[in-house]
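Colleague: Here's a structure for you.
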Amino acid sequence: MSAATFIEESPTGVEPPRHPKQPDYLHDGYGLKSWLTTHDHKRIGILYLIAITFFFLIGGIAATLMRIELVTPNTDLVTSETYNKLFTLHGVTMVWFFLIPSIPSVLGNFLIPMMIGAKDVAFPRLNLLSWYIFILGGCFTLYSLIAGGVDTGWTFYTPYSTVYSNGHVLAMAAGIFITGFSSIFTGLNFIVTIHTMRAPGMHWFRLPLFVWSMYATSLILVLATPVLAITLALMAVERFTGVGVFNPSMGGDPLLFQHLFWFYSHPAVYIMILPGMGVVSELIACFSRKRIFGYKFVAFASLAIAILGFIVWGHHLFVASQSIYAGLVFSILSFLVSVPSAIKVFNWTATLYKGRIFFHTPMLYALGFIGLFTIGGLSGLALATLAIDMHVHGTYFVIAHFHYIMVGGMLMAYLGGIHFWWPKISGRMYNEKLAQFSAAVIFVGFNLTFFPQFILGYLGMPRRYPAYPPEWQVFHVLSSAGASVLAVGYAIPLCYLIWSFFFGRPAPQNPWNASGLEWTHALSPPIRTNFEEIPIVTKEAYDYPYPETPNRA
Amino acid sequence: MNLLAFDLPFVPKQASAQAGQVDAIFFAITVLSALLCVLLFVAITYCLIRYRSKSNADRTMSMAGHNLVEVVWSVIPMLIFIGLFIWGAIVYVEARNPPKNALTVYVVGLQWYWDIEHEEGPHEIGELHVPLNQPVRLVMTSQDVIHDFYVPAFRTKMDVVPGKYTEEWFTPIEPGRFRVFCNQYCGTKHGQMTAWIDVMKPQDYQAWLVGAGANTESIVQTGARLFRAHNCSSCHDDNSQVAAPDLHNIYGRQVPLSDGTFVTADDEYLRDSILTPAAQVVAGYKSIMPVYKGQISEPDIMAIIAYIKSLTPTPSASRPTSNQP
């Protein structure tokens, strides 16, 4: 590999001489026990990385089987029942066991203490407990899978889930219920850490935007997840004891479930995208060598999204027989929540202007994020429009929309973040050319998979159908072809990252010449306590060469 | 009004009066979005090329923020969004309020088929015949789980919810057969819960009505039969000795309740009064009617309501559900 792997220019931060007296965190204790009893936020981040990669594989296999089934218009590879179980498994594992913990629990855990100049999170034991709770919840979910699966869809709509479904609904709901506590504890830990453990001089407007977005995310985790717990508990009560809550034949209201479910699950959408936005802000700034444009606007946009995100849940109920007045209110609010997202996209674009741009792998993912998130967000405007939603609600248009946000957005940001901080996490460099190639494969595969689904949706293809009219086959074949490209795109990084973890070239402390404390003041990989001494922060975040004038907004 | 009365690629046939309006908004949003994407992607590409690391482009006077710029790119999208909201809301409100001259069809969703009753008589499963250019109102409920009656060619759908009546209406403007999908996941064979809508020229429709309805009783006749079978008639008939409200001329009218409030005697109220009579008792009567909850199937309740409705001479004000602005 050439020196072009690194960004070489005059150092931007203080580069203290490093002669470690302590081993790095990967070598500070060996053996399974030292990992499973660790209180180190970095090791816990790695435990999460392994766990969610496992669940991503399960969810991915389910998606692959669905895409193979959908190559032909008839239900031929699997039965309807199996298909229903596959999309439920795909949804549940991807939402609760991959997307929600992805950036927060892996990168958030690894980075937040280092970014704010702390030795660890505020409650290291609680942090480890969060991981064990996550694994316990995962075990329940895996049990429900092995025991025969669940066919309710990840949305668990009543009265189907409480009365009519024969699957192992309670086990899967228990898994999600338990995992929710992991989310709450992690969110709590981050909020307290960010409030109380910032290094001297690290005031709020010197925080990296990743920390701001994680703060906003943590607020949602703490405030919304209990509602999900209540909803699932009520569902379990109705299913198990026959007490009518949601079932109309027992005096319940099925719409109540949908209100409660989306009161959690819409904010959860922002749990899944805000951390991605935080990562992208870091990447764009670093690889443009420029302070992020409109720092405070980007920071407050995160909080605005977190707050507005709580009052738009009713846009999932435009055609669910919610009142027309409610529909009108939720429609306008849904339009307004897209303003802060637009602000972010414009600010990232403005950051590129007059920067000095490098095209390393993390930057490719960040640019891919901006493009795909923009398309996903704009298709969200169509869905927020009441008249259009009457047509495309519950169709592949919705599927395409949220996969552009969740996969095109969050997953691209996650992979970008993993590649950016990989030298810090593993202390190793990966093969840059191979990484750039696989980023391109993922981008192409993603669009080929999901763009045809916009067209299918507008044509009227409903979601959760294993069969479809033959005239739509061409779009399904394109989508399935894209999915296979996407699968290859995910397999390559999995291989070279694992390889590089053990055999990669040792990484320097700051290969990207980035400005965060985790780069300027911590080794690659860092020691157990991150820093030999707590740094004193004298500069704002994104202390990059541009803009050149000290007159900064 | 059909704003886009031509076939577009990747767009299903515009077979209802509303389809063109929905497509027009969608078309507008798509064009706006595409413009924004092009602008943004051109700007990004320009920056990526001009300010690539190896270029010597002028980087002086670069900025890390500008309040006026932030305000401009927040306010302009917001104004566009509000405009889009208003346009979409106008079409939506119209699409949720059926006209008074609409033909009423009763639809019950069951795992995994559609049970459809015409007011004039015929009873259909999995197929709905409607006349061209005539507004049709579907009054829908479910016998089991939540379903959804979705007609892509009409650009409309509505959930079919157990325990309540929802409605959906459309004016077909193209003769032909159009697909119906259940669009709310309802269990194992959800993917097979499809149906067809047959839009027929009015004369063909009349011929079909006569042919299909010849050997069956109409929904009103069914309702009358059930009204007697369930002993409703022993109290609610004219010459009954029991003090029960007279059901003639009540459909669509304001009914005084014993708690001093009024309620409109629409489909939903009639349904509730059959299933849980004690909830809203008519002023001046005792709460002595038995509970029919769990005793009568959804299609039968619809038939009884159709019968009660027939006791009120048309034209009746048919504004049956409560969610009307």
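The values are calculated or read from the model by the stated rules, or taken from the named source; none is laboratory data. Owing to the predicted nature of the structure, the values given are computational and were not obtained by experimental measurement. Neighbour counts are summed over all protein chains in view; Cβ atoms, including those assigned to glycine, are modelled from backbone coordinates with ideal geometry.
Colleague: Got at least one residue in the stretch A:255-265 being farther than 30 Å from B:Tyr292 by Cα, among the polar types (S, T, N, Q) and more than 13 Å from chain B (Cβ to nearest Cβ)?
Modeller: The answer is yes, given that some residue of the stretch A:255-265 is farther than 30 Å from B:Tyr292 by Cα, among the polar types (S, T, N, Q) and more than 13 Å from chain B (Cβ to nearest Cβ).
Colleague: Can you confirm whether B:Asn56 is more than 30 Å from B:Thr188 (Cα to Cα) and more than 9 Å from chain A (Cβ to nearest Cβ)?
Modeller: Yes: the conditions hold for B:Asn56.
The rows are residues; the columns are (1) surrounded by fewer than 24 Cβ atoms within 10 Å (Cβ to Cβ); (2) modelled with pLDDT of 95 or more; (3) away from chain B (no Cβ under 11 Å).
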| residue | (1), (2), (3) |
| --- | --- |
| A:Leu383 | yes, yes, no |
| A:His391 | no, yes, no |
| A:Ile399 | yes, yes, yes |
| A:Phe402 | yes, yes, yes |
| A:Trp422 | no, yes, yes |
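Colleague: Considering only the stretch A:19-47, state which residues are over 18 Å from A:Asn109 (Cα atoms) and hydrophobic (A, V, I, L, M, F, W, C).
Modeller: A:Leu32 - this is the single residue of the stretch A:19-47 that is over 18 Å from A:Asn109 (Cα atoms) and hydrophobic (A, V, I, L, M, F, W, C).
Colleague: Going residue by residue through the stretch A:95-112, is there one that turns out to be surrounded by fewer than 24 Cβ atoms within 10 Å (Cβ to Cβ), under 18 Å from A:Ser265 (Cα atoms) and within 21 Å of the chain's Cα centre (by Cα)?
Modeller: Looking for residues that are surrounded by fewer than 24 Cβ atoms within 10 Å (Cβ to Cβ), under 18 Å from A:Ser265 (Cα atoms) and within 21 Å of the chain's Cα centre (by Cα), one finds at least one in the stretch A:95-112, hence yes.
Colleague: Tell me which residues, restricted to the stretch A:215-254, are in a loop (DSSP other than H, G, I, E, B) and within 14 Å of another protein chain (Cβ to nearest Cβ).
Modeller: A:Gly242, A:Gly244, A:Val245, A:Phe246, A:Asn247, A:Gly251, A:Gly252, A:Asp253, listed by residue number.
Colleague: Is it the case, given these coordinates, that B:Ala265 is under 24 Å from B:Val107 (Cβ atoms) and touching an Asp or Glu at 6+ places or on another chain (Cβ under 7 Å)?
Modeller: no
Colleague: Would you point out the residue of the stretch B:159-197, among those that are assigned to a loop (DSSP other than H, G, I, E, B) and of a type in the set (D, E, K, R), that is farthest from the other protein chains (Cβ to nearest Cβ)?
Modeller: The selected residue is B:Glu174.
Colleague: Could you please let me know if B:Gly65 is of a type outside the set (Ser, Thr, Tyr), buried (at least 18 other Cβ atoms within 10 Å of the Cβ), facing another protein chain (nearest Cβ under 8 Å) and within 28 Å of A:Met390 (Cβ to Cβ)?
Modeller: In short, no.
Colleague: Among the residues of the stretch B:139-158, is there at least one that is of a type in the set (Gly, Ala, Ser), more than 7 Å from chain A (Cβ to nearest Cβ), in contact with a helix residue (DSSP H, G or I) (Cβ under 8 Å, 6 or more places away or on another chain) and under 16 Å from B:Val108 (Cβ atoms)?
Modeller: Looking for residues that are of a type in the set (Gly, Ala, Ser), more than 7 Å from chain A (Cβ to nearest Cβ), in contact with a helix residue (DSSP H, G or I) (Cβ under 8 Å, 6 or more places away or on another chain) and under 16 Å from B:Val108 (Cβ atoms), one finds at least one in the stretch B:139-158, hence yes.
Colleague: Filtering the stretch A:325-335 down to residues that are touching a residue at least 40 places away in the same chain (Cβ under 8 Å) and touching a Phe, Trp or Tyr at 6+ places or on another chain (Cβ under 6 Å), which residue is surrounded by the most Cβ atoms within 10 Å (Cβ to Cβ)?
Modeller: Residue satisfying both the conditions and the ranking: A:Ser331.
Colleague: Something else: Go through the stretch B:195-231 and give me each residue that's of a type in the set (Val, Ile, Thr) and without any contact (Cβ under 8 Å) to a residue 24 or more places away in the chain.
Modeller: B:Val210
Colleague: Same structure again: From the set of residues in the stretch B:76-128 that are among the charged types (D, E, K, R) and crowded, with 19+ Cβ neighbours inside 10 Å, which is nearest to A:Val329 (Cα to Cα)?
Modeller: The selected residue is B:Arg96.
Colleague: Where in the stretch B:206-314 are there helices (runs of 4 or more DSSP H), lying wholly inside it, with at least 1 residues that are over 24 Å from the mean Cα position of the chain (by Cα), of a type outside the set (Val, Ile, Thr) and within 27 Å of B:Pro122 (Cβ to Cβ)?
Modeller: In the stretch B:206-314, B:219-229, B:233-236 are the helices (runs of 4 or more DSSP H) which contain 1 or more residues that are over 24 Å from the mean Cα position of the chain (by Cα), of a type outside the set (Val, Ile, Thr) and within 27 Å of B:Pro122 (Cβ to Cβ).
Colleague: Condition first: more than 30 Å from A:Tyr325 (Cα to Cα) and within 9 Å of chain A (Cβ to nearest Cβ). Can you find one or more residues in the stretch B:68-88 that meet it?
Modeller: yes
Colleague: Then there is this: Kindly evaluate A:Tyr468 against the criterion of being in a helix (DSSP H, G or I), touching a helix residue (DSSP H, G or I) at 6+ places or on another chain (Cβ under 9 Å), in contact (Cβ under 8 Å) with a residue 24 or more places away in the chain and not charged (D, E, K, R).
Modeller: So A:Tyr468 does not fit the description; no.
Colleague: Just to be sure, is A:Leu367 buried (at least 24 other Cβ atoms within 10 Å of the Cβ), free of Cβ contacts under 8 Å to residues at least 12 places away in the same chain and either among the β-branched types (Val, Ile, Thr) or within 11 Å of chain B (Cβ to nearest Cβ) (or both)?
Modeller: So A:Leu367 passes the test.
Colleague: Taking the stretch A:106-129 on its own, how many of its residues are in contact with a Ser or Thr (Cβ under 8 Å, 6 or more places away or on another chain) and either aliphatic (A, V, I, L, M) or assigned to a helix (DSSP H, G or I) (or both)?
Modeller: Of the residues in the stretch A:106-129, 10 are in contact with a Ser or Thr (Cβ under 8 Å, 6 or more places away or on another chain) and either aliphatic (A, V, I, L, M) or assigned to a helix (DSSP H, G or I) (or both).
Colleague: Considering only the stretch A:23-105, give the helices (runs of 4 or more DSSP H) lying wholly within it that have at least 1 residues that are within 24 Å of A:Asp120 (Cα to Cα).
Modeller: Passing ranges, in order: A:31-36, A:41-69.
Colleague: Oh, and also: Is it the case that some residue within the stretch A:336-357 is within 7 Å of another protein chain (Cβ to nearest Cβ), over 24 Å from B:Val71 (Cα atoms) and either touching a residue at least 24 places away in the same chain (Cβ under 8 Å) or of a type in the set (Phe, Trp, Tyr) (or both)?
Modeller: Yes, the conditions are met somewhere in the stretch A:336-357.
Colleague: Among the numbered criteria (1) at the interface with chain B (Cβ under 7 Å from one of its Cβ atoms); (2) crowded, with 24+ Cβ neighbours inside 10 Å; (3) not small (Gly, Ala, Ser), which single criterion is violated by A:Met410?
Modeller: (1)
Colleague: Determine which member of the set A:Gly445, A:Gly416, A:Gly376 is within 18 Å of A:Ile492 (Cβ to Cβ), assigned to a helix (DSSP H, G or I) and within 17 Å of the chain's Cα centre (by Cα).
Modeller: None of the others qualify; the one that does is A:Gly416.
Colleague: Another question about this same structure. I need the full set of residues from the stretch A:435-473 which are of a type in the set (A, V, I, L, M) and within 14 Å of chain B (Cβ to nearest Cβ), in order please.
Modeller: Passing the criteria: A:Ile455, A:Leu456, A:Leu459, A:Met461, A:Ala467.
Colleague: If you go through the stretch A:522-536 one residue at a time, do you hit one that is assigned to a loop (DSSP other than H, G, I, E, B) and acidic (Asp, Glu)?
Modeller: Yes, that holds for at least one residue.
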